[in-house]
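The values are calculated or read from the model by the stated rules, or taken from the named source; none is laboratory data. What you are looking at is a predicted structure, and each value in this text was computed from that prediction instead of being measured. All Cβ positions, even for glycine, are placed from backbone atoms using ideal geometry, and neighbour counts span all protein chains on display. Ligands, DNA and RNA are excluded from the accessible area calculation, which covers all protein heavy atoms including side chains. Shrake-Rupley method; radii C 1.70, N 1.55, O 1.52, S 1.80 Å.
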Amino acid sequence: MNTNINFTSGEYSVTHKWWLVLMLVFAVHVPAAWPEEPATKNAWTKKVIWEGGICYTAVTADFTKDGIPDIIADAGKGVTRLFVGPDWKKQIIIDDKHLNLGGNNSYITSDVCDLDGDGDADYIAACFNPGVIVWYEQPERPLEEPWKRRVIENQLNGVHSVIHGDVDKDGRMDLLATSDQPKGRFPNSLVWLSPPAKVQSDQAWQRHILADRNAPGISHYLGLGDFNGDGRPDVVTGAKGGPTIVEKGTGQWFAWWESPTDPTQEWTKHDLPGNHLGATNILPGDINGDGKVDFLATRGHGSGVIWFESPDWKIHTIDAEIKEPHCLQVEDIDGDGDLDAVTCAYGSKICVWYENDGSGRFSRHVVGMNQEAYDIRVADLDGDGDKDFLVAGRESNNVVIYLNPKTK
């Protein structure tokens with residue numbers, strides 16, 4: 001059809017090349033503005049624990065040994081705060097403003113586990129560039145005594161993730177980390193670190209390169225598990241790629257590395273299908289209940305939440321529209337025995353969880369609006385037996401929790 005219609009008003013003329021475009025624009029439904037919080041009888045309760053600066057990462061554990069969850073968050077340029085539950089009274093426990101932590105002098109990622117085996121929770125943190133990984137030993141009186149700082153690693157470049165796990169199956173906790181920058185001693189690599197004989201000493205941890213220069217494009221968060229059923233832990237990650245990275249044309253992938261019999265040797269890389277602009281998070285789990293390990297992933301520097309179905313890694317889209325879902329946790333949120341997912345997207349500025357029907361089909365539930373995040377954790381934060389969310393709000397300049405209204 002060769003339509004030649006003109007709409008003329010004064011000196012402006014719109015030809016047939018544009019009138020269809022204009023009609024489509026005016027026909028687009030413009031949704032009403034998001035309410036500040038979802039107004040339903042099952043609304044989650046948002047509590048702002050702290051605000052006043054960028055927060056990249058927050059973790060939770062019983063740090064005060066009273067049986068009640070507490071929170072540790074990197075909350076502003078070298079200052080780490082402990083928020084004591086249930087009232088979340090804050091106390092500065094680490095002040096590293098005098099250190100050169102890189103970037104804006106903040107820790108970008110953190111973890112928590114009993115590294116020294118003394119029965120309490122220690123704090124692990126890393127700055128991005130220079131890639132320094134440290135751990136802070138929980139003292140006997142954590143609100144009164146200093147937390148001793150020990151350096152685990154200082155030769156990496158681009159530590160975007162640090163997680164714990166027993167990689168060599170010797171009964172002791174190791175650490176895994178990224179070295180995701182294209183320059184430095186270990187460019188575009190993944191490493192794991194085994195502890196010295198006495199963790200509480202200042203002896204060096206041993207570095208093992210599991211992915212030697214074959215993880216280019218700014219790898220992000222790590223996931224750990226036995227993906228192929230051989231009894232050995234494997235690792236999975238994604239690299240964002242995109243126009244802002246130095247090595248153009250790299251990244252935009254998800255992949256997993258298979259551990260060899262001797263994990264100190266280089267691991268075997270397995271690419272997952274698809275081109276994934278902005279890939280950040282990927283975690284293992286049996287998503288469809290068939291007994292096989294699948295992967296659930298987010299493109300946190302792009303758009304979308306997806307899952308890969310084992311064994312052929314068929315891609316299933318969970319949410320194509322959500323923008324920059326940078327954080328991810330995969331857990332049974334509603335207590336029905338299958339794995340759900342939760343994220344807080346800094347592009348869309350919403351916190352959501354995705355309810356799994358047990359076969360890998362998901363329904364989206366909005367938890368909160370107008371909240372930006374870099375990191376998210378799942379835990380029972382108020383002691384009522386269900387799963388709540390802890391959000392490190394980067395550009396929202398806060399630390400918040402969302403309390404579950406009991407989803408069952």
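Other residues with beta-carbon under 10 Å from the beta-carbon of W313 carry, at +1 per Lys or Arg and -1 per Asp or Glu, a net charge of -3. The simple spin-label model puts a point 7 Å past each Cα toward its Cβ; for A197 and E321 those points are separated by 6.1 nm. How large a share of the accessible area of the chain, in percent, is made up of carbon and sulfur atoms when the probe is 1.4 Å and the other protein chains stay in place? Taking all protein chains in place, the chain shows 50 percent carbon and sulfur surface.
Just so you know, the averaged projected area of the alpha carbon convex hull for the chain sits at 25.1 nm². Given segment 246-320, report the % of alpha carbon pairs whose separation exceeds 19 Å. When every Cα pair of segment 246-320 is considered, 41 percent fall beyond 19 Å. Straight-line cross-link reach from K183 at under 20 Å between alpha-carbon atoms covers these lysines, not counting any fewer than eight positions away in the same chain: K240, K248.
According to the Kirkwood relation over distinct C-alpha pairs, the hydrodynamic radius of segment 166-322 is 16.2 Å.
With a cut-off of 14 Å between beta carbons, the residues surrounding D375 carry a summed charge of -3, where Lys and Arg count +1 and Asp and Glu -1. Its Cα gyration tensor gives segment 250-378 an equivalent ellipsoid; the semi-axes, largest first and in whole Å, are 24, 18, 13.
Counting Lys and Arg as +1 and Asp and Glu as -1 over every other residue whose Cβ lies under 11 Å from the Cβ of G278, the net charge comes to +2. Using the alpha-carbon atoms, what tilt in degrees (0 to 90, nearest 10) does helix 16-27 show relative to the longest principal axis of the chain? The answer is roughly 60 degrees.
Counting every C-alpha pair in segment 142-239, the share spaced more than 19 angstrom apart comes to 46%.
Suppose we look only past 12 Å in the calculated P(r) of segment 159-199. What percent of the Cα-Cα pairs does that tail hold? Result for the distance tail: 60 percent.
Protein-only accessible surface at a 1.4 angstrom probe places the residues I315, I49, I133 in the order I315, I49, I133, largest first.
Think of the chain as a dipole: +1 on every Lys or Arg Cβ, -1 on every Asp or Glu Cβ, centred on the Cα centre; then among I315, T109, G347, G347 lies furthest on the positive end. Based on C-alpha pairs under 8 angstrom that are at least 6 apart in sequence, the chain has a relative contact order of 13 percent. Normalised Debye scattering of segment 316-389 at q = 0.13, 0.14, 0.18 Å⁻¹ gives log10 I(q)/I(0) of -0.36, -0.42, -0.69, counting only Cα atoms as equal scatterers and leaving out solvent. Accessible surface comparison of R81, R185, R150, probe 1.4 Å, protein chains only, largest first: the order is R185, R81, R150. At q = 0.18, 0.25 Å⁻¹, what base-10 log of I(q)/I(0) does the Debye formula yield for segment 224-283 when every alpha carbon is treated as an equal point scatterer in vacuo? Ignoring solvent entirely, the Cα scatterers give -0.66, -0.97. Cross-linked pairs K46/K292; K47/K323; K90/K148; K65/K198: Cα-Cα separations exceed 26 Å for K46/K292. Using Cβ point charges alone (K and R +1, D and E -1), the dipole size of the chain about the Cα centre works out to roughly 1600 debye. Entry comment: accessible area of segment 333-399 is 31 Å² per residue, from protein heavy atoms only and a probe of 1.4 Å. Directionally averaged projected area (segment 127-194, Cα convex hull): 5.2 nm². Think of it as helices only: each DSSP H run of n ≥ 4 in the chain is worth -39500 (n - 2.57), and spread over all residues that comes to -1000 deg cm²/dmol at 222 nm.
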